[in-house]
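The values are calculated or read from the model by the stated rules, or taken from the named source; none is laboratory data. Model, not experiment: these values are computed from the prediction. Here the Cβ is made from the backbone with ideal geometry for all residues, glycine too, and neighbour counts use every protein chain on show. Surface areas here come from the heavy atoms of the whole protein model, side chains and all, with no ligands, DNA or RNA. Shrake-Rupley method; radii C 1.70, N 1.55, O 1.52, S 1.80 Å.
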Amino acid sequence: MIGSHIDTVATAGAFDGPLGVLGALEVIRTLNDGGIETERPIEAVCFTEEEGSRFGTDMLGSAVAAGRISLDDAYSLVDSQGNSLGDELTRTGFAGPERELLEPPFAYVECHIEQGPVLANAGADIGVVTGVQGISWQALAVHGRAAHAGATPTELRLDAGVAASAVVTRLCEMVSSNRYGDLRATVGRIAVEPNLVNVVPAKAELTVDMRNPDDDLMIRAEHDLSEFLTELVARQPGLEIHSRRMAKTTYVPFDVTVRRIIASVADEQGLTHAELLSGAGHDAQEMASICPTAMVFIPGEYGGISHSPREYSSPEACERGISVLAGVVLRLAAMCPSSIGQP
Ligand SMILES: [Zn+2]
């Protein structure tokens, strides 16, 4: 099975997802044009709502197909207009009678843009994706006390902005401490209230996005951050910090045999390749729970910018990725069942 998704985020470009779906169709058309019949059937798939932009749950279609999310739970999700996924599928004529759970295919391969700068920097044509790193999102709400910026002595303040900054600084220290492996930490959103030049912030809201390919080290990072929050509160009686988990996924390694085939096909086609970890989530991570799975990445221009209208991969880069996908499909479609799926 080969494919990806065609839904996008509101500010997206044209490559994130469609490359893998149109590429899958192109592979099948090319085989048909050449009169090539494979031992094993090849299916193209286009998963619903991978980005989660409309119904709020990413990888929704593949998670339902792989059995992680039930069909009823998916149908009951509502968009910002109050329309449920179930009703919308009926309205648009996509609520078909087929069973939603996929019969596990022999293998799943997805070609996708990298969405980052690693391949271009390495001068590699093809990325052999080793897996998808774990993701941990939480929202923090810091409650302090508003006060006059001139009249309130520093030691008598409960400054929510200072506490939020301390969290940002601590995350940077954690990343550079090497105690958490290849941890990445981002505070992408901070908002203070009342957000005025001469008022000590009464409240700060911030998000913490942590990524780690090592689940144990991710747990250590989450634990140590939570200890730090407890310390912060203990140091300043009256300060309150509430945390809410927004998302959590564990590391998903991709199949070693499929990865080797991707590298070997790239070699055969005279293409340079590099192994890399995916920083973003993909349908492939859901498929990995039911069948041997891996991904082919291609480099993007402008530092690999993605989820932006500037997202761009050259026709040559796209062609290389889909040619490798075709080569991998031909090998997998001819393999005997026992030669795949070992670690
Ligand atoms: Zn995508």
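May I ask you to evaluate 6.51 cos²θ - 1.76 cosθ + 1.60, the Karplus curve with θ = phi - 60°, for each residue of the stretch 230-236 and list the ³J(HN,Hα) values in order in whole Hz, giving x for glycine and proline?
Whole-Hz 3J(HN,Hα) from phi for the stretch 230-236: 4, 4, 4, 5, 5, 5, 10.
Over all distinct Cα pairs, what is the inverse of the mean 1/r for the stretch 82-186, reported as the Kirkwood hydrodynamic radius in Å?
Every distinct Cα pair counted, the radius reaches 20.6 Å.
Would you work out the Kirkwood radius for the stretch 161-258? I mean one over the mean of 1/r across all pairs of different Cα atoms, in Å.
After inverting the pairwise mean of 1/r, the radius is 15.1 Å.
Could you tell me which of rounded, prolate or oblate describes the stretch 1-114, using a ≥ b ≥ c as the square roots of the eigenvalues of the alpha-carbon gyration tensor, with rounded for a/c under 1.5 and, failing that, prolate when a/b is larger than b/c and oblate otherwise?
Cα axes put the stretch 1-114 in the prolate bin.
Give me, ordered by chain and number, the residues 5 or more places off Leu277 or on other chains with an amide H under 5 Å from its own placed amide H.
Placed amide hydrogens put Thr130 under 5 Å from Leu277.
So how many Å³ per residue does the convex hull of the Cα atoms of the chain work out to?
In the chain, the Cα hull volume divided by residue count equals 165 Å³.
Please check which bits of the stretch 99-141 a label hung off Ile36 would reach, taking the label as a point 7 Å along Cα-to-C-beta and the cut-off as backbone N under 20 Å.
The answer is 106-112, 126-127, whose backbone nitrogens lie closer than 20 Å to the label point.
Which cross-chain or sequence-distant (5 or more) residues have an amide H under 5 Å from the amide H of Val45, H modelled 1.01 Å from N in plane?
Ile2, Gly3, Ser4
Within the accessible area of the stretch 191-235, what % is carbon and sulfur when the probe is 1.4 Å and the other protein chains stay in place?
Whole-percent figure for carbon plus sulfur exposure: 52.
Kindly work out what percent of the DSSP beta bridges joining two residues of the chain are antiparallel, to the nearest 5.
Within the chain, antiparallel bridges account for around 65 percent of the total.
Springs between alpha-carbon pairs under 10 angstrom, Gaussian network model over the chain: which of Thr48, Thr257, Thr38 fluctuates most?
Sorting by GNM fluctuation, first place goes to Thr38.
Any chance you could run the full-extension gain for Phe94 through Thr207? It's 0.36 nm times the residue separation minus the Cα-Cα distance, nm to one decimal.
Value of the extension gain: 37.1 nm.
Ratio of alpha-carbon Rg to the 2.2 N^0.38 Å globular estimate for the stretch 199-343, to two decimals, please.
1.48
Springs between alpha-carbon pairs under 10 angstrom, Gaussian network model over the chain: which of Asp159, Asp267, Asp33 fluctuates most?
Asp33
Hey, what angle do you get for helix 256-268 against the long axis of the chain, alpha-carbon based, 0 to 90 degrees rounded to 10?
The helix 256-268 is inclined about 60 degrees to the chain.
Looking at the stretch 259-343, which GluC sites (Glu not before Pro) are in a loop (DSSP not H, G, I, E or B) and have at most 16 other Cβ atoms within 10 Å?
Glu301
So what is the calculated 222 nm ellipticity per residue for the chain, using -39500 (n - 2.57) for each DSSP H run with n of 4 or more, over all residues, to the nearest 500 deg cm²/dmol?
Mean residue ellipticity, 222 nm, calculated: -10000 deg cm²/dmol.
Can you list the residues, at least 5 places off or on another chain, whose amide H is less than 5 Å from the amide H of Ala247, using H built in the peptide plane?
Sorted by chain and number, the residues that satisfy this are Trp137.
Can you tell me the dipole magnitude for the chain around its Cα centre, using point charges on the Cβ only (Lys, Arg +1; Asp, Glu -1), in Debye to the nearest 20?
Using Cβ point charges on Lys, Arg, Asp and Glu, the chain gives about 940 debye.
Expressed as a whole percent, how much of the Cα-Cα distance distribution for the stretch 8-50 exceeds 13 Å?
Summing the P(r) tail past 13 Å for the stretch 8-50 gives 61 percent.
With θ taken as phi - 60° and the coefficients 6.51, -1.76 and 1.60, list the Karplus ³J(HN,Hα) couplings across the stretch 141-155 in order, rounded to whole Hz; mark glycine and proline as x.
With coefficients 6.51, -1.76 and 1.60, one gets 10, 9, 10, x, 8, 5, 7, 5, 5, x, 8, 9, x, 3, 6 Hz.
Between 0 and 90 degrees, rounded to the nearest ten: what's the tilt of helix 160-176 against the longest Cα principal axis of the chain?
That works out to roughly 50 degrees.
Just to check I understand the Karplus step: with θ = phi - 60° and J = 6.51 cos²θ - 1.76 cosθ + 1.60, what whole-Hz values come out for the stretch 115-127, glycine and proline as x?
Each residue of the stretch 115-127 in turn: 6, x, x, 5, 5, 4, 5, 7, x, 9, 6, 10, x Hz.
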